[in-house]
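> Below you will find the structure I want to go over with you.
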Amino acid sequence: MVPSPVRDLRTIGSDPDFWYPLLRSKRLAKGKTAAVSFAGAPIVLARSATGVVFALEDRCAHRQVPLSGGVVQGEALKCGYHGWSYDRSGRCVDVPYLGKCSLPNGVKAYPCREAYGLIFVFPGDPALAERVPFPHVPASLGTSYKTRFLEREIGCHFTFMHENLMDMNHQFLHRSLMGSIKPTLLGTQEGADWLEASFTFDRLDGKASLGETFMLGAAEAVTTTKIDVMVIRTRYPYQTLTFTRAGSAVPALDLWMAYVPVDREQRRTRSFGLMNVRRPSVPGLIHLLWPAIVWFTEGIFGQDQAIMEAEQRAHDAQGGDLNQEVFPVIRRLREVLRSSGLRQTSEVARSEARGLPIAAALV
């Protein structure tokens, strides 16, 4: 039997049967709407008069125009064209000029939840929404950490992002901001849908930058039994990172990331993150340090974005994935992403063009 060819990792679609953040909560006021998307599927988020957020297909059942251009009235969303109204379940509840005749079909509704200052949507099979674990980010719930919300749209496939964060060998990219650092892999753990790698670091050129020090705290003396440890985990589809100083029992940095495909071909991804920085023992000091922490992390993320978009351009110019990956951690990560992801994004695009729902296109 001829073995089936290995699928190009950069054509694998994101599994919609998970909870994905699509918008910051503060960007959706009462009585307002917001147009978002998942893998090219248009979704409208609306906040009712009582503050409840709901998510519907962003197409009126009548003329297919975006419902995001409509008006929130009470607990319903009214299309801005002819005034058709839909409740939170997507059911059409009023057509102003129809009288007492039977109301037409409604639109698709998506399970929707708010947590950690983010609005999450379940874009896949709604019957699974209650059974699929919701993201757990305890560092964003208490008062021990100050949270920075991360959000940016990046012109690359989501798998590049998982690889970038997991592979600490790319620290050379950040030499202008972090100096010369040598990472050492301490070990890995893995399961069917997850991979975890632990690293420690040696600084080759003196002291850490101020941005690092402000964010992570001053380094303690490193010994054979006490070292700084960074743990990075991809548990599909999310990714986490913790950094714990030598001798400490709690992380100085606790990061949670989710990568949401924007377009049907999944060549643009919106990343959402909760970057939790542990508050120093001095009250209020974190607020004085925060501008430097933001400046430092924006520089790091900007360099990562530029290099990942360059990777995507190389992939597209070459017509496929020609990467010669040698790091065992990333080779294994690619297997996890390939087995956890779904059918090729080109197939998703064709199915969407034929009007099939996302879940049907990805099975």
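The values are calculated or read from the model by the stated rules, or taken from the named source; none is laboratory data. Here the structure is a predicted model, which is why all the values come from computation and not from measurement. As a convention, Cβ positions derive from the backbone with ideal geometry for all residues, glycine included, and neighbour counts pool all protein chains shown.
> So VAL36 clears everything in (1) under 30 Å from ALA314 (Cβ atoms); (2) touching a Phe, Trp or Tyr at 6+ places or on another chain (Cβ under 8 Å); (3) not in a helix (DSSP H, G or I) except one condition, right? Which one?
Failing condition for VAL36: (2).
> Here is a further query. Tell me, yes or no, whether the stretch 331-342 has at least one residue that is at pLDDT below 95, farther than 17 Å from ILE12 by Cα, surrounded by fewer than 18 Cβ atoms within 10 Å (Cβ to Cβ) and not β-branched (Val, Ile, Thr).
no
> Residue check, ALA29 against (1) surrounded by fewer than 20 Cβ atoms within 10 Å (Cβ to Cβ); (2) assigned to a strand (DSSP E or B), all met but one. Which one?
So the condition that ALA29 fails would be (2).
> Now for a different question. Within the stretch 107-145, which residues are within 16 Å of ARG27 (Cβ to Cβ) and free of Cβ contacts under 8 Å to residues at least 24 places away in the same chain?
Answer for the stretch 107-145, where residues must be within 16 Å of ARG27 (Cβ to Cβ) and free of Cβ contacts under 8 Å to residues at least 24 places away in the same chain: just ALA115.
> When you scan the stretch 289-298, do you find a residue that is within 20 Å of PHE158 (Cβ to Cβ) and of a type in the set (Asp, Glu), even just one?
No: the stretch 289-298 contains no residue that is within 20 Å of PHE158 (Cβ to Cβ) and of a type in the set (Asp, Glu).
> Of all residues in the stretch 104-136 being β-branched (Val, Ile, Thr) and out of contact with any helix residue (DSSP H, G or I) (no Cβ under 9 Å at 6 or more places or on another chain), which is nearest to VAL36 (Cα to Cα)?
The qualifying residue nearest to VAL36 (Cα to Cα) is VAL121.
> Restricting the search to the stretch 187-212, which residues are surrounded by 13 or more Cβ atoms within 10 Å (Cβ to Cβ) and at pLDDT below 90?
If the condition is that a residue be surrounded by 13 or more Cβ atoms within 10 Å (Cβ to Cβ) and at pLDDT below 90, then ARG203, ALA208, SER209, LEU210, GLY211, GLU212 are the ones that fit.
> Sort out which residues of the stretch 9-26 are of a type outside the set (Val, Ile, Thr), assigned to a strand (DSSP E or B) and in contact with a helix residue (DSSP H, G or I) (Cβ under 9 Å, 6 or more places away or on another chain), and write them in order of number.
GLY13
> Looking at PHE172 and the list (1) crowded, with 20+ Cβ neighbours inside 10 Å; (2) modelled with pLDDT under 95; (3) of a type in the set (Phe, Trp, Tyr); (4) within 27 Å of VAL336 (Cβ to Cβ), which single condition is not satisfied?
Every condition holds for PHE172 apart from (1).
> Further, regarding this structure: Can you name the condition, by its number, that PRO328 falls short on among (1) at pLDDT below 95; (2) exposed (fewer than 12 other Cβ atoms within 10 Å of the Cβ)?
Of the numbered conditions (1) at pLDDT below 95; (2) exposed (fewer than 12 other Cβ atoms within 10 Å of the Cβ), the odd one out for PRO328 is (1).
> Among the residues of the stretch 38-77, what is the count of those that are buried (at least 20 other Cβ atoms within 10 Å of the Cβ) and at positive phi?
1
> Follow-up question, since we're still on this one. Which is buried (at least 16 other Cβ atoms within 10 Å of the Cβ) and assigned by TED's automatic domain parsing to the domain that holds ARG267, of THR159, THR184?
Residue meeting the stated conditions: THR159.
> Let me ask something else about it. Tell me the residue from LEU337, LEU274, LEU288 that is in contact (Cβ under 8 Å) with a residue 60 or more places away in the chain, in the same structural domain as PHE201 (by TED's automatic domain parsing) and assigned to a helix (DSSP H, G or I), please.
Answer to the selection: LEU337.
> Can I ask one more? Please verify whether LEU285 is within 30 Å of PHE122 (Cβ to Cβ) and aliphatic (A, V, I, L, M), treating the condition exactly as stated.
no
> Go through the stretch 133-181 and count every residue that is in a helix (DSSP H, G or I) and closer than 26 Å to GLU309 by Cβ.
20
> Quick one: would you say GLY355 is over 17 Å from PRO237 (Cα atoms), surrounded by fewer than 13 Cβ atoms within 10 Å (Cβ to Cβ) and modelled with pLDDT under 95?
For GLY355, the condition - over 17 Å from PRO237 (Cα atoms), surrounded by fewer than 13 Cβ atoms within 10 Å (Cβ to Cβ) and modelled with pLDDT under 95 - is met.
> Limited to the stretch 234-251, what total is found for residues that are surrounded by fewer than 19 Cβ atoms within 10 Å (Cβ to Cβ), out of contact with any Asp or Glu (no Cβ under 6 Å at 6 or more places or on another chain) and not in a strand (DSSP E or B)?
Final tally of qualifying residues: 3.
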